[in-house]
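Okay, so here's the structure we're looking at.
Bear in mind that the values in this text are calculations on the coordinates, not laboratory data. Predicted, not measured: the structure shown is a model, and the values here were computed from it. For neighbour counting, all protein chains shown are included, and Cβ atoms are generated from backbone atoms with ideal geometry for every residue, glycine included.
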Amino acid sequence: MYNLIVIGAGASGIISAITAAKDGKKVLLLEKLSKVASKIKATGGGRCNLSNTLSSNEFMSKFGKNGRFMTKALEVFSKDDLISFFSSIGLETHCPDGFRIFPITHNSQSVIDALVQEMYNLEVEVICSSKVTNINILNQNKKEVQVNDISYFTSNIIVASGGLGYSTLGADGDGYIWAKESGHKITSTHPAMMPLHTKERWVENCRADTIAKVEMYVDIKKYKKLKAVGDLIFTKSGIRGPVVLDFAREITPLFDKYEEIPLKMNLIKGKNENDIISLFKQNPTLNIKKCLQTILPLALIEQLAILCEVDTTIIFKKLEGVKKESFVKILVSTPLTISGHDGFKMAMITRGGVSLKDINPNTMQSKIVEGLYFCGEVMDVDGPCGGYNLQWSFSSGYLAGKLNK
Ligand SMILES: Cc1cc2nc3c(=O)[nH]c(=O)nc-3n(C[C@H](O)[C@H](O)[C@H](O)COP(=O)(O)OP(=O)(O)OC[C@H]3O[C@@H](n4cnc5c(N)ncnc54)[C@H](O)[C@@H]3O)c2cc1C
């Protein structure tokens, strides 16, 4: 009989196992894949963006309405605690851009190696290639975890089985099934943090460049408040880049209601129509292309000009009035139509999950079943790009591993 069985050896499960083992608990960690921490390996393009430098309050504000739920978890395991913890297990971190925190090695495998060594030191029993098929709550102090016809018994279970995104890296929604069976509500799940497809085909001619600080919003009256700012990259089939990854969580749920999602983008850092007209006036002898090349990539200028039937080799003053108007407008308010996405296959994060209403934020324990805990992405918490989701996984995993102590 174990004190704790953790299901899932991702960031949240591993730290919860380490935390409980440090407190002297007999811990079993079950992982369905043949190796632990497959998702950590893929994070940050293999560099593993562990966290960021924001204060806990600022950090929580980036998670929207569910952010405050993290208060206790961040209090007991803040970014500073994360840095000290990794340092204590032999992995130093740094912050090369002044915001994102990485291991000094810039290699996610070094994070995994340090965590695996710590589990070994603390005698956490780890069994890989063990897909949990069922959990049974026998009574308050005894629970059964089944891997096909093998049964393990424990007083506590931590469900750290992740969300639905990138199922090749392990997580594919098993945790929701057990949570539901034991009476917990699951909020609707949607793929998030992913590239998006556009109806417009001109985007594929603008693939070479990153457009900095693009502002975008949903061009549907009811949803105009949905906005994002950040760097954008055009792709063969649509758009990607930090602003798109962050905005995808707002877009994908809208497909429940709409077949296409119209967006408007300002591609020229905070400039408005008057600024563009002034730019042309200040450079009366330069043709349109040369004038705009200081603020936009050439390929993009050409594509937007084609949409407005504008010849970029002439000076702006020579354009017909109606073309002047439409061209200036499209530069600061470019329409784009999101036509789809690749679903959970390409979603780095899942929006939605086990309802926070059913979990005690001070312990991560279920309010419905004593001795059952949740941590990490399986819960209805998702943050933007930039180390937010790993910090949440580590903080919630640490708190869950305390087992209500
Ligand atoms: C490509 C990519 C890059 C990312 N980069 C970053 C980044 O740089 N920074 C950042 O903060 N976030 C990043 N994220 C998000 C972040 O990795 C996740 O939010 C976080 O790792 C989730 O951790 P978790 O422990 O909750 O779940 P997971 O890491 O998904 O772990 C769940 C584990 O449970 C196992 N499991 C599932 N079902 C069962 C079962 N039935 N039996 C046994 N085991 C089971 C799975 O195999 C898996 O190992 C990235 C995500 C992806 C996909």
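Here are some notes:
- Backbone HN-Hα couplings from phi across the stretch 296-311 [Karplus 6.51/-1.76/1.60, Hz, Gly and Pro as x]: 9, x, 4, 4, 5, 4, 4, 5, 5, 5, 4, 4, 9, 6, 10, 8
- Ordered by the number of other Cβ atoms lying within 10 Å of each residue's own Cβ, fewest first, Cys128, Cys48 fall into the sequence Cys128, Cys48.
- Net charge dipole size for the stretch 196-340 [Lys, Arg +1 and Asp, Glu -1 on Cβ; Debye, nearest 20]: 300
- Only DSSP H runs of four or more residues enter the estimate; each adds -39500 (n - 2.57), and after division by the residues of the chain the mean residue ellipticity at 222 nm equals -8500 deg cm²/dmol.
- Percentage, to the nearest whole number, of Cα pairs in the chain over 37 Å apart: 31
- Alpha-carbon Rg with Dmax, taken over the stretch 196-340, Å: 15.4, 50
- Basic side chains Lys and Arg get +1 at the Cβ, acidic Asp and Glu get -1 at the Cβ, and with that the dipole of the chain about its Cα centre reaches some 940 debye.
- Contact order for the chain, expressed relative to its length and based on alpha carbon pairs under 8 Å spaced 6+ residues apart, stands at 24 percent.
- Between Ser87 and Gln109, the modelled label-to-label distance comes to 2.7 nm, taking each label 7 Å out from Cα in the direction of the beta carbon.
- Cβ-based exposure ranking for Arg351, Arg68, in which fewest neighbours within 10 Å come first: Arg68, Arg351
- ³J(HN,Hα) computed for each position of the stretch 386-397 - Karplus, 6.51 cos²θ - 1.76 cosθ + 1.60, integer Hz, glycine/proline x: x, x, 5, 6, 6, 4, 4, 4, 5, 5, 5, x
- Student exercise, the stretch 16-133 dipole from Lys, Arg, Asp, Glu Cβ charges, in Debye to nearest 20: 560
- Residue-wise HN-Hα coupling along the stretch 75-82, computed from phi with Karplus coefficients 6.51, -1.76, 1.60 (Hz; x: Gly, Pro): 5, 7, 8, 7, 4, 5, 5, 4
- Fewest-first ranking of Trp202, Trp178, Trp392, using other Cβ atoms within 10 Å as the exposure measure: Trp202, Trp178, Trp392
- Under 5 Å, built H, 5+ apart or other chain: amide partners of Met379: Val354
- Entries in Lys41/Lys271; Lys41/Lys405; Lys213/Lys323; Lys22/Lys180 that, when Cα-Cα distance is taken, lie over 29 Å: Lys41/Lys271; Lys41/Lys405; Lys22/Lys180
- Shape analysis of the stretch 293-362 places it in the prolate category; the axes a ≥ b ≥ c from the Cα gyration tensor give an a/c of at least 1.5, with a/b above b/c.
- Relative to the longest principal axis of the Cα atoms of the chain, helix 242-251 runs at roughly 80 degrees.
- Amide H contacts for Thr133 (H built 1.01 Å from N in the peptide plane; partners 5 or more residues away or on another chain; cut-off under 5 Å): Gln146, Val147, Asn148.
- Amide H contacts of Gly340: His197, each under 5 Å away and 5 or more positions distant or on a separate chain (H built 1.01 Å from N in the peptide plane; Pro and chain starts excluded).
- Prolate/oblate/rounded label for the stretch 27-148 (Cα gyration tensor, a/c 1.5): oblate
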